[in-house]
Amino acid sequence: MFLFCDIDGVLIPFPDQAGAIPATHYRDQVIPTGREEPVPIWLNPAHGPLLAELAAATGLQPVWCTSWRSDAARLIGHRLGLPPWPHVKLPYLPITSSHPNGYLWKRDHVATHATGRPLAWIDDDFTSADHDWAEARTASGYPTLLIQPDPHQGIQAGHTETIRRWALTLPIGSGSHSPAHRTAAQHGGCASSSSSGFA
Ligand SMILES: [Mg+2]
């Protein structure tokens with residue numbers, strides 16, 4: 001069973017209309033792979049322990065699912081004190097929308113990665129089609145929980161608490177191919193973001 005985690009709009013909030021970032025976050029800068037100039041990022045140091053404790057308490061296997069790809073662990077997770085989690089090997093697609101087919105472009109890759117397993121997935125950019133998919137996946141025996149933070153606020157303790165409680169409902173052995181019986185897809189607390197690009 002997996003815990004997929006996005007970065008932009010989840011760990012790095014998007015500035016609001018006034019350009020403000022939550023006061024919980026500090027400014028840093030990183031040089032992503034393939035770039036020569038640093039880019040600014042904003043991180044909340046509490047998020048590292050929050051996610052680490054969630055993984056430890058639930059047994060969920062954390063996986064980065066973000067266009068930061070291999071930079072996620074190296075540039076972001078490391079700064080938060082997290083171990084080097086693996087990442088979903090997302091392709092580089094010639095798309096101009098994060099929902100080229102009406103749903104989040106990462107979804108098929110997540111589905112493949114988590115075939116036959118329950119999954120929780122934190123991302124700020126789900127559409128209603130993604131929530132429908134999660135409900136259908138859950139109904140077919142593979143509990144699927146989508147958590148959708150406000151992209152201007154990012155993940156909150158309440159989100160991880162929701163995941164923790166959800167994980168406790170998973171049947172023993174659900175890390176295997178045994179179908180589960182719970183219905184746990186959940187809509188997050190905000191509408192989909194149109195500002196998050198492909199993050
Ligand atoms: Mg995002």
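The values are calculated or read from the model by the stated rules, or taken from the named source; none is laboratory data. From a predicted model like this one, the values you see are computed outputs, not experimental measurements. Cβ sites come from the backbone with ideal geometry, for glycine too, and all protein chains shown count toward neighbours.
Selection of region 24-38 for residues being exposed (fewer than 13 other Cβ atoms within 10 Å of the Cβ) and among the β-branched types (Val, Ile, Thr) yields 31, 33. Taking region 152-169 as the range and being in contact (Cβ under 8 Å) with a residue 60 or more places away in the chain and buried (at least 19 other Cβ atoms within 10 Å of the Cβ) as the test, the residues that pass are 153, 154, 155, 160, 163, 167.
The listed residues are 56, 134, and the only one of them that is crowded, with 17+ Cβ neighbours inside 10 Å, modelled with pLDDT of 95 or more and in a helix (DSSP H, G or I) turns out to be 134.
Going by what's in this entry, would residue 79 be described as of a type in the set (Lys, Arg), at pLDDT 95 or above and surrounded by 12 or more Cβ atoms within 10 Å (Cβ to Cβ)? In short, yes. Look through 21, 12, 41 and report the one residue that is surrounded by 12 or more Cβ atoms within 10 Å (Cβ to Cβ), in contact (Cβ under 8 Å) with a residue 60 or more places away in the chain and within 16 Å of the ligand (Cβ to nearest atom). It is 12. Flag: residue 58 matches the condition of being within 27 Å of residue 164 (Cβ to Cβ), out of contact with any strand residue (DSSP E or B) (no Cβ under 6 Å at 6 or more places or on another chain) and of a type in the set (Val, Ile, Thr).
Checked against (1) part of a helix (DSSP H, G or I); (2) within 16 Å of the chain's Cα centre (by Cα); (3) charged (D, E, K, R), residue 89 meets all criteria but (1). Please work out if residue 105 is under 17 Å from residue 7 (Cα atoms), within 14 Å of the ligand (Cβ to nearest atom), modelled with pLDDT of 95 or more and not in a loop (DSSP other than H, G, I, E, B). The answer is no for residue 105. Filtered by the rule that a residue be more than 12 Å from the chain's Cα centre (by Cα) and surrounded by 24 or more Cβ atoms within 10 Å (Cβ to Cβ), region 137-151 gives 143, 144. For region 112-144, filtered to residues that are within 16 Å of the ligand (Cβ to nearest atom) and among the hydrophobic types (A, V, I, L, M, F, W, C), the residue that is farthest from residue 61 (Cα to Cα) is 126.
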